[in-house]
Amino acid sequence: MAFNELEVARYRKVFDAFREKYGPKPDIRSELDWGCHIEDQSVELYEIRPRWDDPTQIMHSSFAKATFVKSTALWKVYWMRASGKWNSYSPCPEVDTLEKFFEVVREDAAHCFFG
């Protein structure tokens, strides 16, 4: 079951606060920015930047995802491998709030989200 409109608005607000505090500064966002895609039961974070060999094309590269599991009321945390497949984030595979997911991404203890 997909998130309702109130949940989507709340999650987007949490992302916006995270991006403003920890994301790329406004003066470089034309070269590097972060975005958020909310679909079904997942919140996916991605990097936005011009393609290196053709700056007129904009690339979106996913790097983190949280999926809400209603039966457990927990968010599963994933990171994107170079293969393009999502893997469970082993230092912290689950969190109980979306805010904690953003803390896990910011801390990046295993260097999976930001390298």
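Values in this text are rule-based calculations from the coordinates and carry no lab data. Remember, predicted model here, so these are calculated numbers, not experimental data. Every residue, glycine among them, receives a Cβ derived from its backbone with ideal geometry; neighbour counts consider all protein chains shown.
Per-structure values
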| read-out | value |
| --- | --- |
| Gain on full stretching of the segment that runs from residue 40 to residue 2 - 0.36 nm per residue minus C-alpha separation | 13.3 nm |
| Principal-axis tilt of helix 98-107 within the chain, Cα atoms, nearest 10 degrees | 50 degrees |
| Rounded to the nearest 20 debye, dipole of the chain from Cβ charges on Lys, Arg, Asp, Glu | 140 debye |
| Contact order relative to length of the range 4-115, as percent, for alpha carbon pairs under 8 angstrom and 6 or more apart | 17 percent |
| Read-out semi-axes √(5λ) of the Cα gyration tensor in Å, derived from the coordinates shown; its label in (1) 27, 16, 13; (2) 32, 18, 10; (3) 24, 17, 14 | (3) |
| Options 113, 77, 59, ranked by Cα towards positive dipole end of the chain, top entry (Cβ charges) | 77 |
| 0 to 90° range, to nearest 10: angle between helix 5-22 axis and the chain longest Cα axis | 50 degrees |
| Entries of 13/85; 21/65; 21/85; 21/70; 21/76; 65/85 with Cα pairs more than 21 Å apart | 13/85; 21/85; 21/70; 21/76 |
| Loop-resident sites, the range 28-109, for GluC sites (Glu not before Pro), counting at most 14 other Cβ within 10 Å (DSSP) | 31 |
| Residue with peak Gaussian network fluctuation, the chain [Cα springs, cutoff 10 Å], from 17, 64, 82 | 82 |
| Listed residues 46, 97, 36: farthest to the positive end of the dipole of the chain (Cβ charges) | 97 |
| Amide proton proximity set for residue 94, modelled H, under 5 Å, gap of 5+ | 77 |
| Nearest-20 debye value, the range 42-88 charge dipole, Cβ charges on Lys, Arg, Asp, Glu | 280 debye |
